[in-house]
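The values are calculated or read from the model by the stated rules, or taken from the named source; none is laboratory data. All figures in this text were calculated on a predicted structure; none of them were measured in a lab. With ligands, DNA and RNA removed, areas are computed over all heavy atoms of the protein, side chains included. Shrake-Rupley method; radii C 1.70, N 1.55, O 1.52, S 1.80 Å.
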Amino acid sequence: LGWPTAIGIGAYNDDGELVELGTVSSGLTDEDKQAMSETPDTFVGMVVAIHAMSKDKVEKTLRHPVFRSWRNDKNPRECMISSIFS
């Protein structure tokens, strides 16, 4: 269908720079994929809730992240690497 199969995720470091953390493909619904295909710009900068099997606090990586939901209640600037990997 030409829909995206994954989304890129990231968070801000202590210097205010956006750092890519990887991609998430598990947990995305067909409705999400279709919407992202039709209006991709509306999804840039959206906050997501994810679950991961584990997180490496030293390397700042997530193991097997799974998409849970969109977080319309949270500002992207609140997504800090320091809080994710604390």
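Each residue of the range 76-86 is assigned a 3J(HN,Hα), and the resulting list reads x, 5, 7, 8, 9, 4, 4, 7, 5, 10, 7 Hz, derived from the Karplus form 6.51 cos²θ - 1.76 cosθ + 1.60 (θ = phi - 60°), x at Gly and Pro.
Between amide H atoms placed 1.01 Å from N, distances below 5 Å from residue 48 occur with 71, all of them 5 or more places distant or on a separate chain. Per-residue extension of 0.36 nm, minus the Cα-Cα distance of residue 37 and residue 6, leaves a gain of 10.0 nm for this segment. Accessible surface computed residue by residue for the chain, with neighbouring protein chains in place and a 1.4 Å probe, gives 68 Å² per residue.
Residues whose amide H falls under 5 Å from that of residue 21, counting only those 5 or more places apart or on a different chain, are 9, 10, 11, with hydrogens built in the peptide plane.
Only protein heavy atoms count here; under a 1.4 Å probe, residue 31 has an accessible surface of about 130 Å². Straight-line reach from residue 33: taking Cα to Cα under 25 Å and skipping same-chain neighbours fewer than 8 places apart, the lysines in range are 74. Taking the 1.4 Å solvent-accessible surface of the range 1-73 as the whole, the part contributed by carbon and sulfur is 47%. Of 71, 77, the residue with the largest accessible area leads and the full order is 77, 71 (1.4 Å probe).
Available extension along the chain between residue 51 and residue 30 is 5.7 nm, counting 0.36 nm per residue and deducting the alpha carbon span.
Dividing the mean sequence gap of close Cα pairs (under 8 Å, 6+ apart) by how many residues the chain holds gives a relative contact order of 31 percent.
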